[in-house]
Amino acid sequence: MTVIQLNAAADNSAVSAQNTSQTVAQELPETLLNAIQEAQAAGLSYAGGVLPEEAWKLFVGGQAHLIDVRTAEERKFVGHVPNTLHIAWQTGPALIKNPRFLRELENKLPKDAAILFLCRSGKRSAAAATAATNAGFTRVFNVREGFEGDLDERQQRGAVSGWRQRGLPWVQD
């Protein structure tokens, strides 16, 4: 089993980065390998980010797990991607960090699984990806733009970018 160290501070050598890329090349799809390279260049602490369309292809192709980290209320009232796992990053009306997040993640997936985190805009999922990476998960990715996307000129989500705006599958309870 190859353990990928993605912390920029821990991997300063070009030779080490090249060896890591060669080792995982057989194990990860090209989309994720590209995300890893971009993340390393940007100094991200987690494996990287993918666009919603890429995340959908990886998920339906069985190449990655998609975990929605939004609150249960967001999933219910705003909508969610069908057949995804749910582990809230934050809970309650005050959006307190879920103290069981990492334990729940460890109970659902192995630490070497390819994991895509999805939230409303990509910010909470990036924080969740950082926490999971720090806890020893080695292939954690953020779905950029999130489910609802960026704010538009009226300070509203859903029209500029994101999972729903791109026309990808979703359901609402």
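The values are calculated or read from the model by the stated rules, or taken from the named source; none is laboratory data. Keep in mind that this is a model prediction, so the values were computed, not measured. Methodologically, a virtual Cβ is constructed for each residue, glycine included, from the backbone with ideal geometry; neighbour enumeration extends over all protein chains shown.
Numbers at a glance
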quantity: Conditions (1) within 18 Å of Arg70 (Cα to Cα); (2) out of contact with any Phe, Trp or Tyr (no Cβ under 9 Å at 6 or more places or on another chain); (3) outside any helix (DSSP H, G or I); (4) free of Cβ contacts under 8 Å to residues at least 12 places away in the same chain; number of the one not met by Asn83; calculated: (2)
quantity: Leading residue by the ranking (farthest from the chain's Cα centre (by Cα)) among those in segment 119-158 that are assigned to a loop (DSSP other than H, G, I, E, B) and hydrophobic (A, V, I, L, M, F, W, C); calculated: Leu151
quantity: Single residue of Leu116, Leu44 found to be in a strand (DSSP E or B), modelled with pLDDT of 95 or more and buried (at least 19 other Cβ atoms within 10 Å of the Cβ); calculated: Leu116
quantity: Residues within segment 146-161 that are among the polar types (S, T, N, Q) and crowded, with 16+ Cβ neighbours inside 10 Å, tallied; calculated: 1
quantity: Count of residues meeting criterion [aromatic (Phe, Trp, Tyr) and crowded, with 21+ Cβ neighbours inside 10 Å] in segment 162-173; calculated: 1
quantity: Residue that is nearest to the chain's Cα centre (by Cα) [pool: residues in segment 23-53 that are within 16 Å of Arg164 (Cβ to Cβ) and not hydrophobic (A, V, I, L, M, F, W, C)]; calculated: Pro52
quantity: Scan of segment 119-132 for residues that are surrounded by fewer than 24 Cβ atoms within 10 Å (Cβ to Cβ) and hydroxyl-bearing (Ser, Thr, Tyr), ordered by number; calculated: Ser121, Thr130
quantity: Residue within segment 56-72 that is in a loop (DSSP other than H, G, I, E, B), of a type in the set (Gly, Ala, Ser) and farther than 20 Å from Glu27 by Cα present; calculated: no
quantity: Test for Leu58: is it touching a residue at least 60 places away in the same chain (Cβ under 8 Å), more than 10 Å from Phe141 (Cα to Cα) and among the hydrophobic types (A, V, I, L, M, F, W, C); calculated: no
quantity: Of residues in segment 61-93 being under 14 Å from the mean Cα position of the chain (by Cα) and closer than 11 Å to Trp170 by Cα, the one surrounded by the fewest Cβ atoms within 10 Å (Cβ to Cβ); calculated: Thr84
quantity: Ser161, sole failed condition from (1) more than 13 Å from the chain's Cα centre (by Cα); (2) among the hydroxyl-bearing types (Ser, Thr, Tyr); (3) at pLDDT 95 or above; calculated: (3)
quantity: Condition broken by Asn98, with the remaining ones in (1) surrounded by fewer than 16 Cβ atoms within 10 Å (Cβ to Cβ); (2) more than 15 Å from Tyr46 (Cβ to Cβ); (3) modelled with pLDDT of 95 or more; (4) among the polar types (S, T, N, Q) satisfied; calculated: (1)
